[in-house]
1. Based on what the data block shows, is Tyr136 aromatic (Phe, Trp, Tyr), open to solvent by less than 50 Å² (accessible area, probe 1.4 Å) and outside any strand (DSSP E or B)?
2. Restricting to the range 237-276, what's the tally of residues that are closer than 19 Å to Ala289 by Cβ and open to solvent by 70 Å² or more (accessible area, probe 1.4 Å)?
3. Can you give me the number of residues within the range 165-190 that are closer than 23 Å to Phe144 by Cα and surrounded by 15 or more Cβ atoms within 10 Å (Cβ to Cβ)?
4. Looking at (1) open to solvent by 70 Å² or more (accessible area, probe 1.4 Å); (2) assigned to a strand (DSSP E or B); (3) more than 17 Å from Gly253 (Cα to Cα), which is the one condition that is false for Phe303?
5. Looking at Gly193 and the list (1) over 20 Å from Leu267 (Cβ atoms); (2) open to solvent by less than 40 Å² (accessible area, probe 1.4 Å); (3) under 18 Å from the mean Cα position of the chain (by Cα), which single condition is not satisfied?
6. So Phe346 clears everything in (1) within 30 Å of Ile70 (Cα to Cα); (2) crowded, with 19+ Cβ neighbours inside 10 Å; (3) at pLDDT 90 or above except one condition, right? Which one?
7. Which one is nearest to Asp56 (Cα to Cα), of the residues in the range 79-116 that are touching an Asp or Glu at 6+ places or on another chain (Cβ under 8 Å) and modelled with pLDDT of 90 or more?
8. Given (1) at pLDDT 95 or above; (2) on the phi < 0 side of the Ramachandran plot, identify the lone condition not met by Asn126.
Amino acid sequence: MKSLIKIPTIIIALSTVFYININSSQAQSKLRVTGFGEYLNNTWIPSDTYKTFGFDSWQNQSTIYNRINIWWTPTNSLEFHTGIRNNFTFGPLINTYSKFIDYAEIATFDDGYMDLTWKISGDDNNILYTNLDRLYAKFTHEKFEITVGRQRINWGTNLVWNPNDIFNAFNYFDFNYIERPGSDAVLLQYYTGDFSSLQLAGKLNYQTEIADSLSTKKTLKLTAAAMYKFNHWSYDFQFFGGVMHDDVTAGLGWSGNIGGAGFSGELSWFRDMNKFSDTSGIIIASVSANYIFKNQLMVDVSFIYNSNGSTDKAYLNQNGLLGSFSTIMSSSLNVKNLTPSRFDVFAQVSYPATPLINVSLSGMFNPYDKSSYAGPSATFSLTDNISLMLVGQIFMGDKLTEFGDFGQMYFLDLKWSF
C-alpha cells in the first residue's frame, strides 16, 4: 500500500521536472506542456429511502489525480496533442464496491475504438490507472482543417444538457472532469466565411448496455454527421444531420442574447433505422438562459425535454433497467439518455463573494416524480495556481424516483495547476 501511494507522487514530480525543462529551453519553444495535480476526497451518505447496492452506512474514498497536456507544433500547419490522466483511487468505498461489482473493470472501461485506458496496479482497496483522453494530429491549410485521433468534438451550446453533442455527451455530475471526454474520430472543417463553417465528423466507439445484474455488453457503433454553422442577426446558428449508432439523427442549435441575457438552445431528433416504419422518433431539446448582474451575480436557468422520457417515477426506464443509475454513473452516457424523465429543470446562481472566493448553488427538479437535486459549492483561490473547492451533491426524493435513491455526496478538492 505504501509503495502504491508513492507512485502518483513520483508521476507528479516527474511531470513538474518535465514541464520546467521544456519551458526553459528556447530550442523547444514549439513544445508546450500544462497540467495539474489534484486531491479529491468523497464522502457518500447513502439514501435512507432505498439502500443502493445494500449500502446503509457512510462511505469514503480519496483520489489523487495528475493530468499532463502536451502540444507539439513542428510547423505552423501541423499540431499534435496528447492529454494524459493518471488516477490513484483508494479508501474504504473501493473495498465496499468490490463486494458487489468489479470496480477496477468499471473504472478502467474505455468505450473508444482504441482502448487507451490501462490499469497499472490495484487490489480490493485501491486502483492506479492511466488514461489518454486526447491523442490527435491536426493539419491546417488555409480554410481547411482535419483532425484525426482521440479528440473532443464539441457541438453543444448549453451549460448542462447538450442534445446536439452526439459525439461527446458529458456527465454534469462529474464536476472535476473539466476537460470532458474525447472520441476516436475524424473531423474535417472548412471555413466558408469569417463566422461560418462546414464540418464533417465520424467516430467509432463501443456502446455499453447495463443489465439488471450490472453486467455489460459492448457493441461497436458508428456516429457520423455533417454540421453547418453560420451567424445571422447576431446569433450563431447550427444545423446537422447524420447517424448516431442505430439512429438517423438531425438537429439544430443557436446561441445569442436577448436584452443582455445569454440565450441558447438545442434540439435533436432520433429515429431507429431498424424500426424506421414502426416509430415516429424521439426528440431531445434543451433551452438555456443566463444573466450577469452588475454586482457579478450570475443566474443560469435551463430545461430539458425528452419525448421518450417517463412521466412517472423515472428511476426505471422503459426496458426495466436501472435508468437513473446508468445515466448518472455509467460511462455509456449519450444524448438520448441525458435524463430518464420527460422534463427536467435546472437553475444555478453563482457569486464572487471576494476576488478570491466564489460561491454557487445549483439545483435540478423533476416535476413528475417530485425528486430533486441541490449542489452547493465554494471555490477558494489560495495562490495563483492552487485552489480549494468544497462541493455538495444532495439527491432528494421518494424511492425509485430520478434523484431519490442516491443520497448525499460531499467533496473536498485541492488542485495545483502548472
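The values are calculated or read from the model by the stated rules, or taken from the named source; none is laboratory data. This structure is a prediction, so every number in the text was calculated from the model and none was measured. Positions of Cβ are generated from backbone atoms using ideal geometry, with glycine treated the same way; all protein chains shown enter the neighbour counts. Heads up: the accessible areas ignore ligands, DNA and RNA and are worked out on the full protein's heavy atoms, side chains in. Shrake-Rupley method; radii C 1.70, N 1.55, O 1.52, S 1.80 Å.
1. No.
2. The total comes to 3.
3. Number of matching residues: 12.
4. Only one criterion is unmet by Phe303, namely (3).
5. All conditions are met except number (3).
6. It is condition (1) that Phe346 fails.
7. Arg85
8. All conditions are met except number (1).
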